[in-house]
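To start, the structure under review is shown below, and the notes come after it.
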Amino acid sequence: MNARREFFRRSGALVVAFSLAPRALAQGAAKAAGAKLPGSLAKEPFLDAWIRVDANGDVTVFTGKAELGQGIKTALLQVAAEELDVALDRIALVTADTARTPNEGFTAGSHSLQDSGTAIRNAAAQVRALLVREAARRWNAPPDALRTMNGVVSSADDRHAGYGELAASLELHVQAQPRAPLKEPSAFRVMDRAVPRVDIPAKVTGGAAYVHDLRLPGMLHARVVRPPGYGAKLASLGEHEVERLPGVVKVIRDGSFLAVVAEREWGAIQAMRHLSRAARWSETASLPDEARLGEFLAGLASRDDVILDRSAPAGSAARTIEASYTRPYLAHGSIGPSCAVAQLAGGALTVWSHTQGVYPDRKAIAQMLGMPPEKVRLVHAEGAGCYGHNGADDAAADAALIATHVPGRPVRVQWMREQEHAWEPFGPAMLARVRASLDASGRIVDWDYGVWSNTHSTRPGNAGSLLAGGDIAKPFQPPPPRAIPQPEGGGDRNAIPIYALARARVVSHFLEAMPVRVSALRALGAHLNVFAIESFMDELAQAAGADPVEFRLAHLEDARARDVIRTAAERFGWRKGVAPGSGVGQGFAFARYKNLAAYCAIACEAQVDLDTGKPRVKRVVAAVDSGQVVNPDGLRNQIEGAIVQSASWTLYERVAFDARRIRSVDWQTYPILRFDSVPESVEVHIVDRPGLPFLGSGEAGQGPMAAALANAIAHAGGRRLRDLPLARR
């Protein structure tokens, strides 16, 4: 380690360096001092894990988070550029690579800016301070008398030193401090500006944007033959004919894992089809009745956890109402099927994958192959859609396993559309039941809520979490399902209402049995819980004879929540006292994601054909408070995307299956929102909070949009629908 640092010191660069023992010592020292390092600095406390300054003054920033289409590359570059006082075009960003970047776990839960952005901002500010201090030492000047701009430190008497020159004398393998000299928002020149996204040009011009576009010299192509359904085992196989097909390099069978490798992609697809016809499977899986999912979930054994028990004397109830809400299993519906490239060379394996967690996926793949983790490198490469735990990790495992059978040559694996739809982990089906009482004045005096759900994360970390890990001859067992604890929660995410309710009880019914493969889907349980709570708030408002917006405000004490609600209602032009059932309706909903991230309120106008019942989303207006804004255009992108995706979930999407197999294996059997059904108008208004902490916003809009749309449809058609998707009836 010392030799490596000395080498780079002599070359005039400040470099990233990892050392487990010093990291542990640094964390221990910070803990002993009673200080908590901000963001992901708590996990990787050395400055050189995040920032490198080259001899020419160029800067490299490292993050363990991955670009998933959420614009995080651009936002993190802005954060670093602002605090370093370096132009954006002088900074390179390295994302999610087990050989180069900090271990920040998964890119999930709207944590990228909260964790990595906070770490990079503080690290960059401290690096800038060190560079200024070095210039002050050289010039025998007080640091406060110096200023920085465009990668140069300057003094009042016109002395200048570039960052590269100053960096040659510095050692950045030092522990970050709990507090950094952060810029005031009034001084921002890069943050809080609409900077064009750096990931967009290649995506809209046909450039090499995704892992699907990766081509390496001598690369082979592979396809996997997946079982027909859950629990199916490969009984027999006649592969000899396939091996004689032109261009076929190898047929791989390991237990029930079956794959073919060819020189060309079309040859691999043809061979896969031959191999699929030659395979015989024994099927034993039994899936529940799709038409009775709510009853099925309620009938499963559950582990019950009271996550809110707010006691107060029982108020005088003038009216009590109750309702149940359900959502089906949902697919991620990634437009680009999962893909990965792997190469085994010199006893080391490199995998390029659009996984959301390079370090956990490396651990799982290494365990599956019986390799030391340090011999496996996972490099993130973007995928065309993810929205949670889709098939990316499984495709990476497929490629890794196949690469061990063709050492020396890179191999590319891409799933077929039917494989993506049938074998990705789905978002869990869920059931919510709620009962509440109103007093004579129309105020909520009692609230009782229960939610039934499987786990919302079976992400890798264990080889049994991978499809290939369970199919090989010596299979790995999946780890037991675990609930994600509060305050963030999994199936019970956002199940605790943010409203000021003196008497309230919320129970999470965690279901361990998983008849269908499930894992994380964008927003996790917040989608169903906010849909249920905010739909029910409208039902309560109607029972109380109150305006839905005023009813919410009357039960809210959080000032930021009230501001967001008022902003959305005012910008929408919310109308009070409009009678339901006219065919055109307005709906409103609000939530603070996880009750600790971004605030989002949405007002929606929908039209319902009173003859056919077909809904149409006309207009959507949203307001969002995400704390300090980095890129306002990027923030609007996130909320706009959430609105469109949630409209699709709410109106159309559901996984279809029979007793043996998943049947929704293409875009006809798994319909999504089409262009002609996209809302005619979408507006996103930002409630600015300069100087406040970053609040994750990537998943803030899914729940509010579902409820706002459902409320608008109920208002338009005069009939309440409580089971998703709404348009299937």
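The values are calculated or read from the model by the stated rules, or taken from the named source; none is laboratory data. What you see is a predicted model; the values in this text were computed from it and never measured. Cβ sites come from the backbone with ideal geometry, for glycine too, and all protein chains shown count toward neighbours.
Determine the pairs where a residue that is more than 11 Å from LEU695 (Cα to Cα) and in contact (Cβ under 8 Å) with a residue 60 or more places away in the chain, located within segment 101-114, has a partner that is charged (D, E, K, R) and assigned to a loop (DSSP other than H, G, I, E, B) with Cβ atoms under 6 Å apart, the partner being 6 or more residues away or on another chain.
As it stands, the answer is PRO102/GLU44; GLU104/LYS65; THR107/LYS65, since those pairs meet every condition given.
Sort out which residues of segment 438-465 are in contact with a Leu (Cβ under 9 Å, 6 or more places away or on another chain) and not in a strand (DSSP E or B), and write them in order of number.
GLY442, ASN454, THR455, HIS456, SER457, PRO460, ALA463
Assuming ILE662 fulfils every condition listed in (1) under 29 Å from GLN607 (Cβ atoms); (2) out of contact with any Ser or Thr (no Cβ under 8 Å at 6 or more places or on another chain); (3) crowded, with 24+ Cβ neighbours inside 10 Å apart from one, which condition is it?
(1)
Considering each residue of segment 229-267, count those that are crowded, with 19+ Cβ neighbours inside 10 Å, among the aromatic types (Phe, Trp, Tyr) and modelled with pLDDT of 95 or more, and give that number.
Number satisfying all stated conditions: 1.
Please indicate, with yes or no, whether at least one residue in segment 197-210 is among the aromatic types (Phe, Trp, Tyr), under 30 Å from ARG138 (Cβ atoms), out of contact with any strand residue (DSSP E or B) (no Cβ under 6 Å at 6 or more places or on another chain) and in a loop (DSSP other than H, G, I, E, B).
no
Within segment 374-416, how many residues turn out to be surrounded by fewer than 24 Cβ atoms within 10 Å (Cβ to Cβ) and in a helix (DSSP H, G or I)?
Looking only at that region, the number is 2.
Cβ-Cβ under 9 Å, sequence separation 6+ or interchain: first residue in segment 247-260 and closer than 15 Å to LEU466 by Cα, partner surrounded by fewer than 22 Cβ atoms within 10 Å (Cβ to Cβ) and of a type in the set (D, E, K, R). Which pairs?
ASP254/LYS474; GLY255/LYS233; GLY255/LYS474; SER256/LYS233; LEU258/GLU239
Just to be sure before I move on: is GLU82 within 22 Å of the chain's Cα centre (by Cα) and acidic (Asp, Glu) in the structure I sent? Don't jump to the end; show me each part of the working.
Numbers: within 22 Å of the chain's Cα centre (by Cα): no; acidic (Asp, Glu): yes.
So GLU82 fails the test.
To keep it simple, each residue is scored yes or no on (1) crowded, with 17+ Cβ neighbours inside 10 Å; (2) in the same structural domain as LEU113 (by TED's automatic domain parsing); (3) under 20 Å from GLY71 (Cβ atoms); (4) among the hydrophobic types (A, V, I, L, M, F, W, C).
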position	(1), (2), (3), (4)
THR612	no, no, no, no
LYS618	yes, no, no, no
ALA642	yes, no, yes, yes
TRP667	no, no, no, yes
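Out of the residues in segment 700-718 that are modelled with pLDDT of 95 or more and in a loop (DSSP other than H, G, I, E, B), which is nearest to the chain's Cα centre (by Cα)?
Top of the filtered list is ALA700.
Can you name the number of the only condition in (1) under 17 Å from the mean Cα position of the chain (by Cα); (2) loosely packed, with under 15 Cβ neighbours inside 10 Å; (3) at pLDDT 95 or above; (4) hydrophobic (A, V, I, L, M, F, W, C) that ILE335 fails?
(3)
Pairs, please: C-beta under 6 Å, at least 6 apart or cross-chain, first residue farther than 15 Å from PRO580 by Cβ and among the β-branched types (Val, Ile, Thr) and in segment 536-556, second part of a helix (DSSP H, G or I) and at pLDDT 95 or above?
As it stands, the answer is VAL549/ALA569, since those pairs meet every condition given.
One line per residue, one yes/no per condition, for (1) crowded, with 16+ Cβ neighbours inside 10 Å; (2) acidic (Asp, Glu); (3) closer than 30 Å to ASP398 by Cα:
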{"site": "ALA125", "(1), (2), (3)": "yes, no, no"}
{"site": "LEU130", "(1), (2), (3)": "yes, no, no"}
{"site": "ALA145", "(1), (2), (3)": "no, no, no"}
{"site": "GLY151", "(1), (2), (3)": "yes, no, no"}
{"site": "GLU165", "(1), (2), (3)": "yes, yes, no"}
{"site": "SER169", "(1), (2), (3)": "no, no, no"}
{"site": "LYS183", "(1), (2), (3)": "yes, no, no"}
{"site": "VAL211", "(1), (2), (3)": "yes, no, yes"}
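Return yes when TRP574 is in the same structural domain as ALA714 (by TED's automatic domain parsing) and crowded, with 24+ Cβ neighbours inside 10 Å and no when it is not.
Criteria not met by TRP574.
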